[in-house]
Amino acid sequence: MNPRGERPIPSGAEAACAHCGLEVPERLVRPDEARQFCCAGCRQVFTIINEWGYGQYYRLADQQGARNQPARVTGRTFADFDDPAVASETSEALTAGRCRTRLYLEGVHCAACVWLVEKIPEALPGVDSVRLNLGNGVAEVTWEPGRVALSVIGRTLDSLGYTPHVHRTGKIQEVRRKEDRAALVKLGVAGACAMNLMFLHGAIYAGEYSGMATPFETFFRWVSLGVSLPVMLFSARPFFTSAVAGLRSRMVHIDLPIALGIATGFLYSAWNTVAGKGPLYFDSLAMLVAALLGARQLQRAAQRAALERADGLRGAAFIEFARKLTGPSLDSPAIEWNVNGLAPGDRVEVLSGDLVPVDGTVLSGRSTLDNAVLTGESVPVAVREGDSVSAGATNLGARLVVSVEASGKKTRVGALLALVEEALSRRPAVLELTDTLARRFVKVLLAVAVLTAVIWFPAGPSVALHRVIALLVVACPCALGLSVPLAVSVTLLRAARAGIFVKNPDALQKLRTVSTVLLDKTGTLTEGRTTISRWAGSDTARELACALEEESSHTVAEGFRTAFGRTLRAVRRVENVRESAGQGISGDVDGRAVAVGNLAHMAASGACVPEALAVHADTLLGDGLSPVYVAVDGRVEGVGGAGDPIRAGARQTVARLLSLGIRVRIISGDHAAVVRSVGAKLGVPEEDALGGLTPEAKRDLVRSLVESPGRKGSVVMVGDGVNDAAALALADVGVAVHGGTGASIAAADVVLTREGVTPLLEVLKGARRFHGLIRRNLVFSVLYNATGATLAVLGVMGPLLAAILMPASSLTVILSSALARTFAGDEKRASFEREAGV
């Protein structure tokens, strides 16, 4: 027993982490302690949870089997949370000196996390409440700034293993939520009133056959009128508002025939209530309003799911803070500083693995940057003093000091995102077809109603009124109003279940006819990672190279570890490691001088290349691979081919697109020779494999194609990076592939969450099925209205029968949409993947 009475861990026994349950590495086991931890973060979080008395967290986590993630504690001060600029942008002032803000939390994975985070108000004075959404990891925090700073709340969350980020949803998101809440209230009122009206009208209908005293019948009629008033004056207000607004603009809005039918039916029923005789349609009208509102809410919810997913990723991925130097020296201490508070001339340091937070110039340091997120270039770029760097690049090497030239929205990335926002502000036009039909329909309907009144007036005003009411009720365009919105909503939901998020429904219409598909290379057609796919030389040279590359974080080093790491037979002694930016790495491995890198690095190391390996290197270049030489004791003894492997199914997908008569073009920021090589492997003509393109060049190419006169189909852009965002926004349809950045997802019309480009074929087929569904729904709606109107005009159908058939037409459209297989289910999806060779 140790001094605390805990039983120690026997030597050599396996230990599980007391916090996350993962195996504790042998070097971290403390035999004299009963509780073991896999990392310092888990130890800290476990200690705090138990000091607060919240040990129930572990019981909840065990019940869900969720203790499998180690805690990540950054130790940041979160001083940028207290910056007035950040507070004004992200916090909302409430009454009684309180504020509310939203924080995105990393590491949230189960209900136990929600329970623990929402317990913070009990442990931290000044925090009123914390409400955490498990689905998106966003916590809504209400606190008193006079008692506790937001940075303290940030440090508390971080100490529990949930790294917080300011969630910049903006006012647009708040407006969306308010609209959704208001729509749900209207729907709830209509549904509740419809159910009550059904019971009331049931009593009235029963009384007509079995007999009911006049006072009771009058009572039920007036109660029905009273119950229907909230539906007409509140729930149906959006239809009347849109109809009136359209008339004021001298346009026939889609809601005008709906509003006309609802208003006429209500006024007729109200007149019959006052008269004490005649049929009532309050129940049918309430059900109609509820059905229409439900369909629109379903559509809105499906679109919000895709949009909020993109906004959530974008809000969490923004660069929020930088490390600003506090003194005149380049080695001065750095403090965290909000990027929006940086001014030109300020100096920031960028550590290894960090994102460059600003556009600027390197003042000190040499390193390599991964610009793939901005340029699409798969090979890291060497930078040194005097070189320009852009926000969003990843520092792969040593510390850099950068002089700020632009920050926040003024950076190159910010300019691209501004173009994205402009493109996203375009008004959707997916309902234009329905609007056109509605405008024509209402004109014909009004003309027919007037003609009907004239024809039947000689038979008596009451007969004529009955015929006109029956006509307006049965021809009320409820099925027409539901046909397109319901088809859209069902299609969006089915697509989402298939891993395809459609943000802009207009894209489905445009995808019916496609003339050109533009494909980004890195991360879209290829896997976006460096591998050593071919090797020529001795096994000894390969093992020595792997041992040396263990000391580097470069992508080529990762390629060696991935390809050959398992072949290492022993632990080797590595000394005197030196990295040369843009060339390679050198060092002593087991006393032997080893150099790994490009031809320039070999020349700098004084190593000679045998003729056979030189010929092999030329072959690698011809195949689109970059030669990586390995020299041992001054002689090159091996050469590997570094490349970015083509995704599974890419060849079959491109072949299928070409067979459909679609022109396929590859546009990439990578070297032109590499792009041409990839194009040749995929069957893309050399003139359509374009390399060395900047984001601006991609944007201009897409713009020229979109604006070209006489084109017969849509231009589709498929990409995954910030460098593709502007092109995605300008294309007729932008498609972001799995693993794409927040910017590409924000710009795209369609987001694929399944790996590879194979789902693109499913998108095209689903778009054609979607068009067929809309056409079927519209054809049925028109046939129903034409048939019903004819029967009503001829006097075969009365108002009561018209009221019965009115919801039946809507039900038919609902069933048609619900049973449609616009996007493939699991079996069809598996068939797609088999055809594509995945």
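The values are calculated or read from the model by the stated rules, or taken from the named source; none is laboratory data. Small disclaimer: the values here were computed from a predicted structure and weren't measured. Reconstructed Cβ throughout: ideal geometry from the backbone, glycine too, with neighbour counts over all protein chains shown. Just the protein is used for accessible areas: all its heavy atoms, side chains included, with ligands, DNA and RNA removed. Shrake-Rupley method; radii C 1.70, N 1.55, O 1.52, S 1.80 Å.
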Original post:
Which of the residues that make up segment 30-40 are touching a residue at least 24 places away in the same chain (Cβ under 8 Å), under 22 Å from D62 (Cβ atoms) and of a type outside the set (D, E)?
Top reply: A34, R35, Q36, C38, C39
**OP:** State yes or no: is C39 at negative phi and in contact with a Lys or Arg (Cβ under 9 Å, 6 or more places away or on another chain)?
**Re:** yes
Original post:
What residue, among those in segment 594-611 that are open to solvent by less than 20 Å² (accessible area, probe 1.4 Å) and assigned to a helix (DSSP H, G or I), is modelled with the lowest pLDDT?
Top reply: H601
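Yes/no per residue for (1) under 30 Å from K409 (Cα atoms); (2) β-branched (V, I, T):
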| position | (1), (2) |
| --- | --- |
| C39 | no, no |
| C42 | no, no |
| I48 | no, yes |
| L60 | no, no |
| V73 | yes, yes |
| T77 | yes, yes |
| V86 | yes, yes |
| L103 | yes, no |
Subject >> Matching residues, segment 680-735, being of a type outside the set (A, V, I, L, M, F, W, C), without any contact (Cβ under 8 Å) to a residue 40 or more places away in the chain and out of contact with any helix residue (DSSP H, G or I) (no Cβ under 8 Å at 6 or more places or on another chain) >> reply: E687, D700, S704, E707, S708, P709, G710
Original post:
Which of the residues belonging to segment 180-192 are of a type in the set (A, V, I, L, M, F, W, C) and closer than 12 Å to L293 by Cβ?
Top reply: A182, A183, L184, V185, L187, V189, A190
Original post:
Exactly one of (1) touching a Ser or Thr at 6+ places or on another chain (Cβ under 6 Å); (2) assigned to a strand (DSSP E or B) is unmet by G624. Its number?
Top reply: (2)
Original post:
Restricting the first residue to segment 1-29 and requiring it to be more than 19 Å from F46 (Cβ to Cβ), which pairs with a second residue that is modelled with pLDDT of 50 or more and open to solvent by 40 Å² or more (accessible area, probe 1.4 Å) meet a Cβ separation below 6 Å and a spacing of at least six or different chains?
Top reply: S11/P31
Subject >> segment 81-108, residues that are in contact with a Gly (Cβ under 8 Å, 6 or more places away or on another chain) and either surrounded by fewer than 17 Cβ atoms within 10 Å (Cβ to Cβ) or among the charged types (D, E, K, R) (or both) >> reply: D83, A85, G97, E106
**OP:** Output the number of the condition that G460 fails; it satisfies all remaining conditions of (1) in contact with a helix residue (DSSP H, G or I) (Cβ under 9 Å, 6 or more places away or on another chain); (2) more than 30 Å from A286 (Cβ to Cβ).
**Re:** (1)
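Residue-by-condition table, conditions (1) under 25 Å from K681 (Cα atoms); (2) open to solvent by 50 Å² or more (accessible area, probe 1.4 Å); (3) assigned to a strand (DSSP E or B):
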{"site": "L613", "(1), (2), (3)": "yes, no, no"}
{"site": "A617", "(1), (2), (3)": "yes, no, no"}
{"site": "L620", "(1), (2), (3)": "yes, no, no"}
{"site": "G638", "(1), (2), (3)": "no, no, yes"}
{"site": "R651", "(1), (2), (3)": "yes, yes, no"}
Subject >> Residue in segment 664-723 that is surrounded by the fewest Cβ atoms within 10 Å (Cβ to Cβ), counting only those that are basic (K, R) and assigned to a loop (DSSP other than H, G, I, E, B) >> reply: K712
**OP:** Give G559, G565, G591, G582 a once-over and let me know the one that is over 30 Å from K765 (Cβ atoms) and either of a type in the set (S, T, Y) or at pLDDT 85 or above (or both).
**Re:** G591
Original post:
Residue check: is T169 closer than 30 Å to G137 by Cα and either among the hydroxyl-bearing types (S, T, Y) or at pLDDT 90 or above (or both)?
Top reply: yes
Subject >> Selected residue (only one of N68, N50 is at pLDDT 80 or above and surrounded by fewer than 18 Cβ atoms within 10 Å (Cβ to Cβ)) >> reply: N50
Subject >> Odd one out for V628, checked against (1) touching a strand residue (DSSP E or B) at 6+ places or on another chain (Cβ under 6 Å); (2) closer than 30 Å to T516 by Cβ; (3) surrounded by 21 or more Cβ atoms within 10 Å (Cβ to Cβ) >> reply: (2)
